[in-house]
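The values are calculated or read from the model by the stated rules, or taken from the named source; none is laboratory data. Everything numeric in this text was worked out from a predicted model, so none of it was measured. So basically every Cβ, Gly included, is an ideal-geometry build from the backbone, and we count neighbours across all protein chains shown. Calculation scope for accessible area: heavy atoms of the full protein, side chains included, ligands and nucleic acids excluded. Shrake-Rupley method; radii C 1.70, N 1.55, O 1.52, S 1.80 Å.
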Amino acid sequence: MTQTNASKSTGYDVGRPRGVCAVTGRPIQPGEKLHAALRETPTGFERLDVSIEAWNDFPRADLLASWQTT
């Protein structure tokens with residue numbers, strides 16, 4: 001796992017926003033509110049961005065954390 005500037009201070013490599021909803025595949029526009037979720041996979045941490053309208057359809061059972069952006 002490589003370290004980014006953000007991970008150097010925390011020790012964790014958490015991806016940057018990808019700009020696409022993990023549920024619908026719809027592009028998420030810059031500045032648009034969204035839910036971000038974090039889960040652990042065999043290869044490390046995975047960040048998933050989910051549009052506000054698709055959050056209820058997103059399976060959240062295996063998440064380590066989630067937050068809503070402002």
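Of all residues in the stretch 40-64, those that are surrounded by fewer than 16 Cβ atoms within 10 Å (Cβ to Cβ) and of a type outside the set (G, A, S) total 14.
Sub-7 Å Cβ pairs linking a first residue in the stretch 31-48 that is closer than 10 Å to L63 by Cα to a second residue that is acidic (D, E), at least 6 apart or interchain, are R39/E46; R39/D62, ordered by first then second residue.
Could you please give the count of residues in the stretch 4-39 that are open to solvent by 40 Å² or more (accessible area, probe 1.4 Å), at negative phi and at pLDDT 85 or above?
First pass over the stretch 4-39, keeping only residues open to solvent by 40 Å² or more (accessible area, probe 1.4 Å): 4-6, 8-12, 14, 16-18, 20, 22-27, 29-33, 39.
With at negative phi added as a condition, the list becomes 4-6, 8-10, 12, 14, 16-18, 20, 22-24, 26-27, 29-30, 32-33, 39.
Still in the list and also at pLDDT 85 or above: 20, 22-24, 26-27, 29-30, 32-33, 39.
Of the residues in that region, 11 qualify.
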